[in-house]
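Data first, discussion second: the structure below is written as structure tokens.
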Amino acid sequence: MRKMVLSLIPFAVLALAGCNSSSSSSDSAPASASTAGAAKVANEVSGTVTLHSQAQALSPKASLSIKLVDVSSTADASAPPLALKLITPATQFPQPFAMSFDPAKVKQNDIYVVQAELSDGDRHYTMKIQALVLTNGNKSDGIAIELSAEQTAGEKALAAFTDVQKQLGAMKVKSGTKLDKDVSRSWQVFRQDNELKFIRELVDYGAKGFTSTDYAYKNGKPWVVVQQTKPNQGAKPTAIDRAGWDDNGSLVLKQHEVNGNVQVLDDSAAAGLQKQGLDVLNLATGGKDK
């Protein structure tokens, strides 16, 4: 009887070994599937674009550009973006977006970002923080992008002009006057390090009104002109015109303000202010323009 029991033990061991082998095979299948899922690359990036600050109402010409690009040091800078989306007009924010791309083009060791820029005439809104996506543990959906308004070339010129105004007290000043029929004018010429920087001109046209004009100069040419028009010298301005030019002579600042409402100064009015700047420069310096 004992011999029969012992002879059954090898079969029992084999049976248990078979069960354990079957169980191990079953457990390894999900692990393999999980690994495959982790290596899978998304074929779309999506998110929302918001504006941090809005200098003015957006016009129907506003255009939002969003693109997915490889910014790795080894990436080809001339290569087209993996995805590109253009939204025009872009007047409503927050603005959702979704862009599809070929996942086969994604390199796991490269760095990818979503870049966005909003343009509306001279105004540009750009990103202050990069939006990393896809690789290195970065997500592909729910991307939050915030755009901030940048100063226009005209605003930069006006800010620099204001800085010069604040320095007038430290500059050398020379005054002059001129009387014509029905017109009385006076001016102050400001110099720094023997270079003419600024002229302030007051013109009284009698019953036709009064103007107070500040001219800033670079290299002997009007750079920024700000003119206040008034009924008389003691009155509040009825209009303020601002014009400014960049180093290439292009008109970048053009504002016509009435009762706090800023409109675009037309090119002919800006050209008139520029001519006034040259005329008063010639008058105030005796034709020496310095």
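Table for the structure above
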read-out	value
Subset tally (residues that are assigned to a strand (DSSP E or B) and more than 19 Å from ASP182 (Cβ to Cβ)) for region 211-225	10
Single match in ALA216, ALA269 (criterion: small (Gly, Ala, Ser), within 30 Å of GLY121 (Cβ to Cβ), within 27 Å of the chain's Cα centre (by Cα) and open to solvent by less than 50 Å² (accessible area, probe 1.4 Å))	ALA216
Subset of region 47-67 [open to solvent by 70 Å² or more (accessible area, probe 1.4 Å), in a loop (DSSP other than H, G, I, E, B) and without any contact (Cβ under 8 Å) to a residue 60 or more places away in the chain]	ALA57, PRO60
Inter-residue pairs, beta-carbon under 7 Å, first over 22 Å from LYS236 (Cβ atoms) and in region 202-223, second in a loop (DSSP other than H, G, I, E, B), 6+ apart	GLY220/ASP289; GLY220/LYS290
Condition check for ASP247: out of contact with any helix residue (DSSP H, G or I) (no Cβ under 6 Å at 6 or more places or on another chain) and in a strand (DSSP E or B)	no
Unmet requirement for LYS197, which otherwise passes all of (1) over 28 Å from the mean Cα position of the chain (by Cα); (2) assigned to a strand (DSSP E or B); (3) more than 21 Å from VAL280 (Cα to Cα)	(3)
First in region 100-121 and more than 20 Å from ILE145 (Cβ to Cβ) and among the basic types (Lys, Arg), second anywhere and surrounded by 12 or more Cβ atoms within 10 Å (Cβ to Cβ) and modelled with pLDDT of 95 or more, Cβ under 7 Å, 6 or more apart	LYS105/LEU82
Among (1) at pLDDT below 95; (2) assigned to a strand (DSSP E or B); (3) not aromatic (Phe, Trp, Tyr), the one test that GLY234 misses	(2)
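A quick yes/no check of all residues on (1) over 21 Å from GLY176 (Cα atoms); (2) in contact (Cβ under 8 Å) with a residue 12 or more places away in the chain; (3) open to solvent by 30 Å² or more (accessible area, probe 1.4 Å):
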| residue | (1), (2), (3) |
| --- | --- |
| PHE198 | no, yes, no |
| GLN227 | no, yes, no |
| ALA239 | yes, yes, no |
| GLY286 | no, no, yes |
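Quick grid of which residues meet (1) touching a Phe, Trp or Tyr at 6+ places or on another chain (Cβ under 7 Å); (2) at pLDDT below 95:
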| site | (1), (2) |
| --- | --- |
| ARG191 | no, no |
| LYS230 | yes, no |
| ASP279 | no, no |
| GLY287 | no, yes |
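The values are calculated or read from the model by the stated rules, or taken from the named source; none is laboratory data. No experiment lies behind these values; they were computed from the predicted model shown. Please note: Cβ atoms are built from the backbone with ideal geometry, for glycine as well, and neighbour counts cover all protein chains shown. Remember, those area values only see protein heavy atoms, side chains included, never the ligands or the DNA or RNA. Shrake-Rupley method; radii C 1.70, N 1.55, O 1.52, S 1.80 Å.
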